[in-house]
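Enquirer: One structure is given below, represented as structure tokens, and several questions about it will come after.
The values are calculated or read from the model by the stated rules, or taken from the named source; none is laboratory data. None of the values given here were measured: they were computed from a predicted structure. Cβ coordinates were reconstructed from backbone atoms using ideal geometry, including for glycine residues, and neighbour counts include every protein chain displayed.
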Amino acid sequence: MTLPKTLEGRRADLALGVEYALAEKRFDLWLPYMRILDPPPGGGIVPFQPWPHLMELAQAFRQHRLIVIVKSKQVGVSWLVGGYAVHTAAYHEGAQVSLFSKGQLEASDLLGKSQFIHDHLPADLRGTLAPLKSEMVFPKKHSRILPLPSTEDAGVGLTSTLVGMDEADYHDYFAENYDIAAKPTADAGGQVIIVSTVNPMRLNSAFQRLVKKAGDGEPGENGFVRFFLPYTVRPGRDEAWYRAGLAAADDPWVFTKNYPRTLEEALAPSKRLAYLDQDALVAMLDDCREPVEQRQGGLVRVWRKPVVAGKYVAFGDCAWGEKGSYSCLGIADFQTGEQVAEVYGRPTLDEAALANVTLCKEYNRAYVGIEENGEGRKVVEKMRELGYGERMFCRTPEHPEAKSRSWLTGSGTRPIMLADLEEAVRLRLIVPRCREAVQEMMQFIRTEAGRPQAAEGAYADHVMMWAGLWQMRKHANFGGRASGEVVSLPRLA
């Protein structure tokens, strides 16, 4: 005989029912009921761990439609996405969830996570599942979770509520699947969540390009919001853990890609391809600073004001137009190699010349070289018209009125410029303050043909600016000699 429940028992049931109803509406309130499998030597079936980064992502899933996550390995995101797939399909009428993985085995494994999560929910939170192994179908909700391996035409014809792509940088057909399935979902108002560790064997892949165009905290130019999860987000991982793992790794470079410390490190090219020393560049990121002053809508950026009697060198790589390359002029302390200011953007040639002259005059009439290639020649002419010929590098100092007034980058100078910059970076002789500059350096590679250049989709404006700036130290003239006279200087220690 079943005894009737007490008043307290009925109240408890009612309260639990309210909690379940709220959990069905809100993913973050549903997570405490989720169980995951932590394989040996872990703890077996364990409650979902509400690590701060996972709770932040759970909130982000509610706030943003388009999300891309760059992560370290084993930080719990795949389980979180598997749970979100269940929550979307089990409680929303007509939901179509498409989960893309590298191959069939990986797709089955990702679906297995969702099935495990569903099977271990409290009975009142479980939806009714059709007896299928290839997908999860919720007949009462007319919804399903469909696992898809990354094949050339996977997802064709599907209209999805949610598209999830796990370890996307390892998919053979990520770009095709994005165009076929993810973009139509996004265009129709659905949600797309793309997650991956960066593939160390791929350079500037479609996934990595998508990450670069995403925004931090708000949609970027492609509409995606970006999240980065370093190795430290998982409890128990500290600097000692990192050093031990790095020492034990068969390939230390692959270890750093699997457990990156910064987004820049995660996206940096292979050390086998990188032209500039990646370890030095990672360290240089710590020296980067926000400008202390910005002018003209950010065109001019200042990190350190000029000092009395200070000596400064400058170099400009100038461009024209509203898209493509940027104009970039940097100024550095002659003695220390520290960047103090720059002009960076897409101004007109007149605006570029005026900004260059104004800034160089401010820094005690800095000794400046302008790359004469392309639009640079016009900028040189305009800077001379503005009265700044006295401390401008001249390739023909014996004929200062000659047309060839400044630096020409070509087959005779480019290899020297870049070789000297490589040494300056490796020996930490320069101190860039601009984060974008270091990021560009990290994306500067040596192609299979041996040519140093920016990786596909990356820029090299700051790279060539620094390469030219370092050359100006050899020629800088701050006093009584004729303009353009070459001065031999020792390298900075």
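Enquirer: Within region 51-101, take every residue that is among the β-branched types (Val, Ile, Thr) and assigned to a helix (DSSP H, G or I) and give me the one that is surrounded by the fewest Cβ atoms within 10 Å (Cβ to Cβ).
Expert: Per the stated criteria, the residue is Thr88.
Enquirer: Still on this model: Which residue out of Ala476, Ala458, Ala437 is modelled with pLDDT under 90, closer than 25 Å to Val282 by Cβ and touching a strand residue (DSSP E or B) at 6+ places or on another chain (Cβ under 8 Å)?
Expert: Going through Ala476, Ala458, Ala437 in turn, just one is modelled with pLDDT under 90, closer than 25 Å to Val282 by Cβ and touching a strand residue (DSSP E or B) at 6+ places or on another chain (Cβ under 8 Å): Ala458.
Enquirer: Across region 98-139, what is the number of residues that are touching a residue at least 40 places away in the same chain (Cβ under 8 Å), of a type in the set (S, T, N, Q) and within 14 Å of Tyr84 (Cα to Cα)?
Expert: 1
Let's see how each residue does on (1) at positive phi; (2) hydrophobic (A, V, I, L, M, F, W, C):
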site	(1), (2)
Leu273	no, yes
Leu276	no, yes
Leu285	no, yes
Arg289	no, no
Gly298	yes, no
Arg301	no, no
Lys305	no, no
Val308	no, yes
Gly316	no, no
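Enquirer: Next question, about the same structure. Between residues in region 359-371 that are in a strand (DSSP E or B) and residues that are surrounded by fewer than 24 Cβ atoms within 10 Å (Cβ to Cβ) and among the hydroxyl-bearing types (Ser, Thr, Tyr), which pairs lie under 6 Å by C-beta distance while being six or more apart or on different chains?
Expert: Glu371/Thr409
Enquirer: Hey, another quick one. For region 234-344, which helices (runs of 4 or more DSSP H) that fit wholly inside it have 3 or more residues that are closer than 28 Å to Asn373 by Cα and over 23 Å from the mean Cα position of the chain (by Cα)?
Expert: Working: elements: 239-248, 252-258, 263-267, 278-285.
Helices (runs of 4 or more DSSP H) meeting the threshold: none at all.
Yes/no matrix, rows are residues, columns are (1) under 30 Å from Asn356 (Cβ atoms); (2) in contact (Cβ under 8 Å) with a residue 12 or more places away in the chain; (3) surrounded by fewer than 19 Cβ atoms within 10 Å (Cβ to Cβ); (4) not aromatic (Phe, Trp, Tyr):
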| position | (1), (2), (3), (4) |
| --- | --- |
| Gly245 | no, yes, yes, yes |
| Val254 | no, yes, yes, yes |
| Ala266 | no, yes, no, yes |
| Ala274 | no, yes, no, yes |
| Leu285 | yes, yes, yes, yes |
| Arg289 | yes, yes, yes, yes |
| Val292 | yes, yes, yes, yes |
| Gly298 | yes, yes, yes, yes |
| Lys305 | yes, yes, yes, yes |
